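Only one structure is covered here, and it is reproduced in the block below.
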Amino acid sequence: MTTAAPPVETEIASGSVTPERMTKPLKRLFGFSVPLFLSVYLIVGAIPGVLLPLQVAGIDEANKVGNLALITGIGAIVAMIASPIAGLISDRTRSRFGRRAPWLVVGALTTGLTLVGMGFANGVVQLVIGWSIAQLFLNLLISPLSAIMPDRVPAPRRGVFSALVGIGTMLGAIGGQSVGAAFAGNVPMGYFVIPGIAIVVAVLFVVFCRESSTLEMEREPFSLKVLLQMFWVSPRRHPDFAWGFLGRLFLYTGYFAITGYQLYLLQDYIGLGADAIGMLPLLGLINVTALMVSTAVSGPLSDRFQRRKVFVIAASLIMALGMVIPVFLPSVTGMVLFSIVVGLGFGAYAAVDGALMSELLPSSGTYAKDLGVLNLAATLPQTLSPFVGGAIVLAFGYVALFPIGIVLAVLGALAIIPIKSVR
């Protein structure tokens, strides 16, 4: 069989397009990617961060911690399983619209429909089922979304691209808390409006940032070996990828152990009670501002110096430093300082870690699948954190979340040091 010529995005990613010259398609890709990532992660920030906890508390205030842990934990298990599968499906899709575009639209639509129905749930079992289905469809969207950078962005430009999408991602995830809080008085409307934004933006991205047809791409045979390797990248053959995975796993576990309970931390640890909902938008704005500053600086600098590791290590340690603050200053001031310092660290981390990992992927033919495996380092913490975090809170109180986050952030920094193929 004659192998078809690679599509345009493959040529760009491989570096055959001069990286110093920003072509119009590449500029469009950069411009439309920011609102796309923002709108998708608006869902991630608003639903599990605000709207879902409000629903859970409204159903059973006394057992809200355990119920939220159950709902988000089961949903995260579904996400963990769905991510590599969705990536593999995306990698093997052959259509006139490319490998990723069809799933961006399908994922956005199905996620939106599921969340609209979830907005009317009035029981814990309904929320478990609804959020699990939503996580399944959300990964049909996120897995191909994560493959845009290795597919279509030249390596020397990935620091800037990673910074831009990092800004979009963090604006969505953190700003989603503010948006979610705005719908605190009408939760079903929030479940309708927020995913609706993602649907519109996904369609615009597909229309204006067209992906090359993959109809002529060689179809790889599906086998039992491919199925068994769906959730696996050999650490022996790809040790740098394994170290990067481990670093992200540690950092995200510590981060989600704290942020997953931010509303309850403000209510019960800081003592704001009902006023905690009003504080979320302010902390979100402070955090997003810090994120944007550090992201805008770190991504371009990592491109300029062609160094990724030092930025990721420093960012992880800055986050650990920020987690110390609420332990000794359990007040609104402490949470403001926490939001600033952790925001600075996580912004730098988001800007550079994506570029770092994109250069450690094992195979160009399985970008989305491998990124799906890598995304386990983000979804697995979301699986473990609700259960572990909930148990810690029930046994030792909210303050115990912070030392655990500190240790895991430091371990995340140490895991990056052995990486050899990227500076």
**Asked** So which helices (runs of 4 or more DSSP H) are wholly in segment 173-264 and hold at least 1 residues that are over 30 Å from GLY112 (Cα atoms) and at pLDDT below 80?
**Response** 224-228
**Request:** Could you please tell me which pairs satisfy a Cβ distance under 9 Å, a separation of 6+ or placement on different chains, a first residue in segment 270-294 that is in contact (Cβ under 8 Å) with a residue 60 or more places away in the chain and over 12 Å from GLY347 (Cβ atoms), and a second residue that is among the aromatic types (Phe, Trp, Tyr) and part of a helix (DSSP H, G or I)?
**Result:** ILE270/TYR398; LEU283/PHE338
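Here is a yes/no grid of residues against (1) polar (S, T, N, Q); (2) within 20 Å of the chain's Cα centre (by Cα); (3) part of a helix (DSSP H, G or I); (4) more than 25 Å from LEU29 (Cα to Cα):
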site: VAL65; (1), (2), (3), (4): no, no, yes, yes
site: LEU68; (1), (2), (3), (4): no, yes, yes, yes
site: ILE71; (1), (2), (3), (4): no, yes, yes, yes
site: SER83; (1), (2), (3), (4): yes, yes, yes, no
site: ARG94; (1), (2), (3), (4): no, no, no, no
site: GLY98; (1), (2), (3), (4): no, no, no, no
site: THR114; (1), (2), (3), (4): yes, yes, yes, yes
site: ASN122; (1), (2), (3), (4): yes, no, no, yes
**Fill in**
Going through (1) in contact with a Gly (Cβ under 7 Å, 6 or more places away or on another chain); (2) modelled with pLDDT of 85 or more; (3) part of a helix (DSSP H, G or I) one by one, PHE387 fails only at (2)
**Prompt:** Going by the structure shown, is PRO156 at pLDDT 85 or above, part of a helix (DSSP H, G or I) and not basic (Lys, Arg)?
**Reply:** no
**Item:** Some residue of segment 304-312 being aliphatic (A, V, I, L, M) and surrounded by fewer than 19 Cβ atoms within 10 Å (Cβ to Cβ)
**Value:** yes
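The values are calculated or read from the model by the stated rules, or taken from the named source; none is laboratory data. Model, not experiment: these values are computed from the prediction. Cβ sites come from the backbone with ideal geometry, for glycine too, and all protein chains shown count toward neighbours.
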